[in-house]
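I have placed the structure first, in the form of structure tokens, so that the comments after it can refer back to it.
The values are calculated or read from the model by the stated rules, or taken from the named source; none is laboratory data. Being a predicted model, the structure only gives us computed values, none of them experimental. For neighbour counting, all protein chains shown are included, and Cβ atoms are generated from backbone atoms with ideal geometry for every residue, glycine included. Accessible surface areas use protein heavy atoms only, side chains included; no ligands, DNA or RNA. Shrake-Rupley method; radii C 1.70, N 1.55, O 1.52, S 1.80 Å.
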Amino acid sequence: MPETHRLCDKSAELSSLIKRVAAARRFVVITGAGISVNCGIPDFRSSQGIFQQIQKAHGDLISSGRDLFDASVVFRSSETANIFYHWMTHLRHQCAKAQPGATHQFIRTLADRGLLLRSYTQNIDGLERKAGLNVWDPYMKKGNDEYVPWQAAQSIPLHGSMDHLVCQLCSSSYAFSECPAEDGDAARSAGDACPDCFERSETRRALGRRQLPAGKLRPTVVLYEEPHPHCEDIGRIISHDARTLGSRQPRSESTGRVAPTNVVLIFGTTLKVPGCRQLVKQMAMAAPASTVTVLVNNEPVCGKSWDGIIDYQVIGNVEDWCARVERIWNAQTKITRWAKTRKHTVDDGFEGSVKKGSSEPAPAGKRRKPAAPVDVPAEGPIEVLVETAAEAPVAVANTTPKEEKSNDDQMDSFIDIITVEDDIKSMAKSVQRAGKSTKAASRLCDEPLARRSMRIAQKQSLEDTNNSASSQNTSITTAPICT
């Protein structure tokens, strides 16, 4: 039986699983109706689902709400067929008003990061297209601007969609729209007569021939107990993705072992549909041992029959799960940006240093040139002249106000060096915590050592000059200044 966790429990095992998923590099996502409930579209099997709603409204005509989606039952009579058309039109209105939820945006984020191998959905609401994913549509013709070949498709609808209507006699397809389209197509709903069938019938009548019956339009959704019209195409896509998922994985640089880079995520489905069950098994069996298969649903789904296929079962809200994974991604992005910014600042110079002769800080990224070292005589004492002990300023030989200003700048530069040194050490520790190598962190600390050693030498020379001046100042003399 798969290992089961509740999303509300803050266990170390669940946190480790979420971090492992966040670190993966290839995802296959399989979704069900549970991810669209928060978008305003009811699911099918819950107590408030579509099956229960149909049962309450038409219990005298059908024994179960599921029968309305059973091809062997719904078209037996015109009454049940009309109920089917009515509910399909009502569901189409709900899908048109709904907007993508947090789970749809999570899948879009996977695609934007280049991590999504494919998303398979059992839903017919079309919210994946609204979220910005490239959706494979077999009814879209190649000349259309929205045509997406299956190789470039990010989302595959397993059970069709509510975007098109198809004739049950001639298989002609039309857009499912309650309002006229911009290209001039008329508004069409489920249950309308097929325009192509009607045109052929009218042509025969004008020629004096027998009229043919016109077929009715139905949504391009796959019902129970009917063959899938595009099963071969979808089977080809699944086989391709299974081979890609089971391909050789890159090895970890640190350990040399294959890294866990594949994740199969199953969101918001009870896995009751046989086709979806087969898809999950095929993906899990084709994937290598490093692949993690996780099912997230509001209620328990997996039993012993899923042992060895699904690794983890997480009971909780799918959107909460996605939010926790995205928080890890956001934290990693902030740390990476911070480390790159700090490294760029260290490489280019000292940020926030003060320009010489100005109280305004220099622009970040520009290095201030160090002050020139003071020339100190190699031999001979420095004589000082004081007119009286109470008055007359002390004049130091070989020293001008301009040079004193340069000495002050030197001291400020040394203080800046010490401050930046502390910042570099703190940054190196943060880079190590962010997952960088110890070698890279050491390089960040050692890069400015040459510059610091040069300036520290200048500071030592400055200290020797000041100490000599102080020692001579203690013995006051009235001798003239040496020339």
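Go through region 268-298 and report how many residues are of a type in the set (Val, Ile, Thr), within 16 Å of Ser119 (Cα to Cα) and open to solvent by 10 Å² or more (accessible area, probe 1.4 Å).
1
In this structure, does Leu61 turn out to be within 27 Å of Gln168 (Cα to Cα), hydrophobic (A, V, I, L, M, F, W, C) and open to solvent by 70 Å² or more (accessible area, probe 1.4 Å)?
In short, yes.
Out of Pro229, Pro213, I need the residue that is over 19 Å from Asp163 (Cβ atoms) and assigned to a loop (DSSP other than H, G, I, E, B). Which one?
On the way: Pro229 fails: over 19 Å from Asp163 (Cβ atoms).
Within the list Pro229, Pro213, the selection yields Pro213.
If we scan region 197-209, do we find a residue that is modelled with pLDDT under 90 and in contact with a helix residue (DSSP H, G or I) (Cβ under 7 Å, 6 or more places away or on another chain)?
no
Within region 22-54, track down each residue that is under 21 Å from Ala102 (Cβ atoms) and part of a helix (DSSP H, G or I).
Correct list: Ala22, Ala33, Gly34, Ile35, Ser36, Val37, Asn38, Cys39.
Take the residues in region 76-85 that are open to solvent by 20 Å² or more (accessible area, probe 1.4 Å) and free of Cβ contacts under 8 Å to residues at least 24 places away in the same chain; name whichever of them is nearest to His159 (Cα to Cα).
Checking each candidate, the answer is Arg76.
Just one of Asp60, Asp9 is among the charged types (D, E, K, R), within 26 Å of the chain's Cα centre (by Cα) and in a loop (DSSP other than H, G, I, E, B); which is it? Spell out how you get there, then give the answer.
Values: Asp60 fails: within 26 Å of the chain's Cα centre (by Cα).
After ruling out the rest, the residue left standing is Asp9.
Please list, ordered by first then second residue, the pairs with beta carbon atoms under 6 Å, 6 or more apart or interchain, first in region 90-110 and among the basic types (Lys, Arg), second surrounded by fewer than 20 Cβ atoms within 10 Å (Cβ to Cβ).
Arg108/Gly132
If you go through region 117-131 one residue at a time, do you hit one that is within 23 Å of Val273 (Cβ to Cβ), among the aliphatic types (A, V, I, L, M), touching a residue at least 60 places away in the same chain (Cβ under 8 Å) and open to solvent by 30 Å² or more (accessible area, probe 1.4 Å)?
The initial filter retains those residues of region 117-131 that are within 23 Å of Val273 (Cβ to Cβ), namely 117-129, 131.
Keeping just the survivors that are among the aliphatic types (A, V, I, L, M) gives 117, 124, 127, 131.
Now restrict to residues that are touching a residue at least 60 places away in the same chain (Cβ under 8 Å): 117, 124, 127.
Filter once more, so that each one left must be open to solvent by 30 Å² or more (accessible area, probe 1.4 Å): 117.
So far as region 117-131 goes, yes, one or more of its residues are within 23 Å of Val273 (Cβ to Cβ), among the aliphatic types (A, V, I, L, M), touching a residue at least 60 places away in the same chain (Cβ under 8 Å) and open to solvent by 30 Å² or more (accessible area, probe 1.4 Å).
Here are Ala206, Ala214, Ala193: which of them is of a type in the set (A, V, I, L, M) and loosely packed, with under 13 Cβ neighbours inside 10 Å?
On the way: Ala214 fails: loosely packed, with under 13 Cβ neighbours inside 10 Å; Ala193 fails: loosely packed, with under 13 Cβ neighbours inside 10 Å.
Selected residue: Ala206, the only one of Ala206, Ala214, Ala193 that is of a type in the set (A, V, I, L, M) and loosely packed, with under 13 Cβ neighbours inside 10 Å.
Are any residues in region 14-28 loosely packed, with under 14 Cβ neighbours inside 10 Å and either within 16 Å of Thr333 (Cβ to Cβ) or touching a helix residue (DSSP H, G or I) at 6+ places or on another chain (Cβ under 8 Å) (or both), and if so, which ones?
Lys19
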